[in-house]
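What follows is one structure encoded as structure tokens, with my remarks underneath.
The values are calculated or read from the model by the stated rules, or taken from the named source; none is laboratory data. Quick caveat, the model's predicted, so the values are computed rather than measured. Glycine gets a Cβ as well: all are built from the backbone with ideal geometry, and neighbour counts include every protein chain shown. Areas reflect the complete protein model, heavy atoms only, side chains present, ligands, DNA and RNA absent. Shrake-Rupley method; radii C 1.70, N 1.55, O 1.52, S 1.80 Å.
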Amino acid sequence: MSSPTLVVELSDAVVLVDGFPLLSGVTLELETGTLNVVTGANGAGKTSLLRLLGGLVALSSGSGVVSGVDLRTGDRRDLRRRVGWLGHEGSFYDDLSAKENLTFAAKALGRPTDEIARVLDRVGLSSRTDTPAKRLSAGQRRRLGLAWLLLRRPETWLLDEPYATLDDEGRTFFDELIGDVIRSGASVIVSAHDPLRSNALSPRTITLAGGLVVSDRS
Amino acid sequence: MIRTALLVAGKDLRIERRSRVLLWQVLPFGVMALVLSGLALGPAHAGNSSAGPGLFYLVMLLVTLLMINRSQVIEGSSGTRTSVATLGLDPAGVFLGKALALAVELWITGVVVLAGAVLLLHTALVGSAEALPSVLVILAALAAAGTLYGALSGGGQGPATLLPVLSFPAFAPLLIAGERSYSDALHGGSLWQWWLISLVALVAYLGIGILLYGVLEES
């Protein structure tokens, strides 16, 4: 029987910014096509871990491979193209409409723009196509961020506190969409203050404290 | 690289057109600065065409600093920057696109301020028209250098006060060349040496930007 493919392999990963350790020696292996939830208090290192996995901060010491890219010797720009990021802040240009934001992303990636209408419909924003992003509600902005990711179809989805500001309907929609993404074979890594409310997705929950993994349960 | 440059320039110009910051804030600021500079000189000197070139480039320096900061700020919150970073855009193309958009905005402002210099400071119309090509090249060089120094000073997330200090050594030779070129155009002097200096500066800043913008973004 073959072992599952790993999307993340970290060994004693340390991230220092201005001498301050954001991650203090994380050892972690995550399998492809799974949902993983990273929890912990403020300052525990959740966002820093996601940024490391996205090639957005450099590995200071230790070793790591994400989506086949070595974090020490590989091309971090190449890694970034393989991941999709949804932050808890806005993830697009406020003065551009929903459609214009997605058009920019599609053209940057060399993707056809005729998929835009489909993804806006998928996230329930087909009636807000020409609305500037700054006029969307917090929940609609989160849905636009998801549309950006659906258009990109990344191998790994990095979602930083995606449930913040979402109502019950939004959370349910989000859970359904994450389920679809995992079934399509992509990996999802979510940061959240608390474990997921829904257990239907059977996530693996990793708890951080002080930049270290203190608990890991499936 | 060119495809990315056109994509980024188009996006920046679309955002400016939508926000109308250039129309309702920067252009009125440029004209007001020109009027105030004329008032500071007094009526005896403001109408003297020899003061026009210096005042024009002084105003364009202030406008350029405003627009560089604006060019970086429209990249949005750190969340937007992170999302865009994961698109894996070629940094040389991003630099060229942002410099092109900034140059277009400075050209529009420059033409308006130049017209203001003719109307308000009585700078000679023919000489100002002859100076226009060199003005456009100098403003393009300011846009290229400004885009580079905008990223160096924190990309809109660092202190805005750092930009004038950092960029002054790069801007000063361009402003001197621009002022001399405009003065020579007004007084019938030869323009070619200023053209040459301006073009060399433009090419140099474009080259440096293409090579270093990615490093500045990463840092």
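Highlighted here are the helices (runs of 4 or more DSSP H) found entirely within the stretch B:1-72 that include at least 3 residues which are within 21 Å of B:Ala144 (Cα to Cα), open to solvent by 30 Å² or more (accessible area, probe 1.4 Å) and at pLDDT 90 or above: B:2-19. Among the residues of the stretch B:100-121, none qualifies, meaning not one is more than 16 Å from the chain's Cα centre (by Cα), within 14 Å of chain A (Cβ to nearest Cβ) and either surrounded by fewer than 18 Cβ atoms within 10 Å (Cβ to Cβ) or not in a helix (DSSP H, G or I) (or both).
Within the stretch A:100-130, the set of residues being within 12 Å of another protein chain (Cβ to nearest Cβ) and touching a residue at least 24 places away in the same chain (Cβ under 8 Å) comprises A:Asn101, A:Leu102, A:Ala105, A:Ala106, A:Leu109, A:Arg111, A:Asp130. Say we look at the stretch B:187-219 and pick out the residues that are in contact with a helix residue (DSSP H, G or I) (Cβ under 6 Å, 6 or more places away or on another chain) and of a type in the set (Ser, Thr, Tyr); which of these is most open to solvent (accessible area, probe 1.4 Å)? Across the stretch B:187-219, the extreme among qualifying residues is B:Tyr205.
Among the residues of the stretch B:122-132, those that are touching a residue at least 24 places away in the same chain (Cβ under 8 Å) and surrounded by fewer than 23 Cβ atoms within 10 Å (Cβ to Cβ) comprise B:His122, B:Ala124, B:Gly127, B:Ser128, B:Glu130. Does A:Leu23 satisfy the condition of being touching a residue at least 40 places away in the same chain (Cβ under 8 Å), open to solvent by less than 20 Å² (accessible area, probe 1.4 Å), within 14 Å of chain B (Cβ to nearest Cβ) and not polar (S, T, N, Q)? Criteria not met by A:Leu23. Taking the numbered list (1) at negative phi; (2) more than 15 Å from the chain's Cα centre (by Cα); (3) open to solvent by 10 Å² or more (accessible area, probe 1.4 Å) in turn, A:Asn101 passes all entries but (3). Annotation: of all residues in the stretch A:149-180 being more than 12 Å from the chain's Cα centre (by Cα) and of a type in the set (Val, Ile, Thr), the one that is farthest from A:Leu50 (Cα to Cα) is A:Thr172. Among the residues examined, B:Thr109 qualifies as β-branched (Val, Ile, Thr), out of contact with any Asp or Glu (no Cβ under 7 Å at 6 or more places or on another chain) and in contact (Cβ under 8 Å) with a residue 24 or more places away in the chain.
Residues of the stretch A:155-185 that are of a type outside the set (Phe, Trp, Tyr), part of a loop (DSSP other than H, G, I, E, B) and open to solvent by 10 Å² or more (accessible area, probe 1.4 Å): A:Glu155, A:Glu161, A:Ala164, A:Thr165, A:Leu166, A:Asp167, A:Ser184, A:Gly185.
Of the residues making up the stretch A:187-194, one or more are among the charged types (D, E, K, R) and either free of Cβ contacts under 8 Å to residues at least 60 places away in the same chain or part of a loop (DSSP other than H, G, I, E, B) (or both). What is the residue count in the stretch A:135-170 for residues that are closer than 19 Å to A:Ser67 by Cβ and without any contact (Cβ under 8 Å) to a residue 24 or more places away in the chain? Number satisfying all stated conditions: 0. Residues that are at pLDDT 90 or above and open to solvent by 60 Å² or more (accessible area, probe 1.4 Å): does the stretch B:150-169 have at least one? No: the stretch B:150-169 contains no residue that is at pLDDT 90 or above and open to solvent by 60 Å² or more (accessible area, probe 1.4 Å). Considering the conditions (1) open to solvent by less than 30 Å² (accessible area, probe 1.4 Å); (2) at the interface with another protein chain (Cβ under 9 Å from one of its Cβ atoms); (3) touching a residue at least 40 places away in the same chain (Cβ under 8 Å), A:Leu71 is excluded by exactly one of them, (2). Of B:Leu62, B:Leu96, B:Leu58, all but one fail to be more than 9 Å from chain A (Cβ to nearest Cβ) and within 10 Å of the chain's Cα centre (by Cα); the exception is B:Leu62.
Scanning the stretch A:74-99 for residues that are among the acidic types (Asp, Glu) and more than 7 Å from chain B (Cβ to nearest Cβ) gives A:Asp75, A:Asp78.
Across the stretch A:34-47, the number of residues qualifying as more than 12 Å from the chain's Cα centre (by Cα) and buried (at least 16 other Cβ atoms within 10 Å of the Cβ) comes to 5. When the stretch A:125-147 is limited to residues that are open to solvent by 50 Å² or more (accessible area, probe 1.4 Å) and not in a helix (DSSP H, G or I), the one that is farthest from A:Arg171 (Cα to Cα) turns out to be A:Asp130.
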